[in-house]
Amino acid sequence: MKSIYVFLLIVVGLFTKAQQSDLINNTWYLEKLVLNNQEYYYPNTPIEGNHPIPEGKAQFLEDVFVAKICNSMGGDIVYSENNVTIKASGLTLGGCPTGYDSYENHYFGGFFGVSNSIGINLVYSYTINNTDIAKRLILINPNGDKAFYYSNKAFMSVGAIEKEKISLYPNPVKQHFTIDINDQIEQVEIYSINGQLLKTVKSKKINISDLAKGNYLVKIKTDKEIITQKIIKE
């Protein structure tokens, strides 16, 4: 019985070390926040003047944590099992485009607690899961609010768009698929599950007969937003 218990402790320790290694060795791109049971997906909307879209992300370094959209929040970090403690923090106060400014309020103020009178939330738990498209980090603050991240920015906002707004058919697909959306398509990019860009087109009907069987990400840039959806090649 004692040997089984020791074995379980070793397994748990190895799992925790693997989780911490994944946390430190990836840049994490924000997919959505869940605050008071309300979901807030990252905007991913184009900026007027064709300026680059701000990236919502987090980096967990050996002893420093940085979270960023337009502005950056940073501080010292300490790791313990499946928890992280941010011991000190600072936040820049620059401008941010419309839509992203309000999301910064959710991210820095609502989730990290920068707007709290007692200061930022200190201790966060986390889990990292392997999905069929990338590693997924769930960071949980002391209030039970959650921030969801992917380890590859090509996969931000997967599933964020309501099904009735866009459809890709047929799916699974053998040769061609069609994008059904009312907005004007400016560009479509096809990615492997490893984040490699495979195709760039500007059409609603797309030929992927030359691709191997498997899962792919379709990143659709319209005149209003950027949408990422998954498709299966048979």
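Could you please find all residues in segment 182-219 being under 23 Å from residue 46 (Cα atoms), in contact (Cβ under 8 Å) with a residue 40 or more places away in the chain and either more than 25 Å from the chain's Cα centre (by Cα) or crowded, with 17+ Cβ neighbours inside 10 Å (or both)?
217, 218, 219
Could you count how many residues in segment 183-220 are modelled with pLDDT under 85 and more than 18 Å from residue 150 (Cβ to Cβ)?
1
When the residues of segment 21-54 are narrowed to those that are farther than 17 Å from residue 103 by Cα, at pLDDT 85 or above and out of contact with any Lys or Arg (no Cβ under 9 Å at 6 or more places or on another chain), which ends up surrounded by the most Cβ atoms within 10 Å (Cβ to Cβ)?
This residue is 23.
Go through segment 55-94 and tell me which strands (runs of 3 or more DSSP E), entirely inside it, have 1 or more residues that are of a type outside the set (A, V, I, L, M, F, W, C) and modelled with pLDDT under 90.
Result: 72-80.
For residue 27, which of the numbered conditions (1) within 20 Å of residue 142 (Cα to Cα); (2) within 14 Å of the chain's Cα centre (by Cα); (3) touching a residue at least 12 places away in the same chain (Cβ under 8 Å) fails to hold?
Failed condition: (1).
The values are calculated or read from the model by the stated rules, or taken from the named source; none is laboratory data. It should be emphasised that the depicted structure is a prediction, and the values quoted were computed from it without experimental measurement. Positions of Cβ are generated from backbone atoms using ideal geometry, with glycine treated the same way; all protein chains shown enter the neighbour counts.
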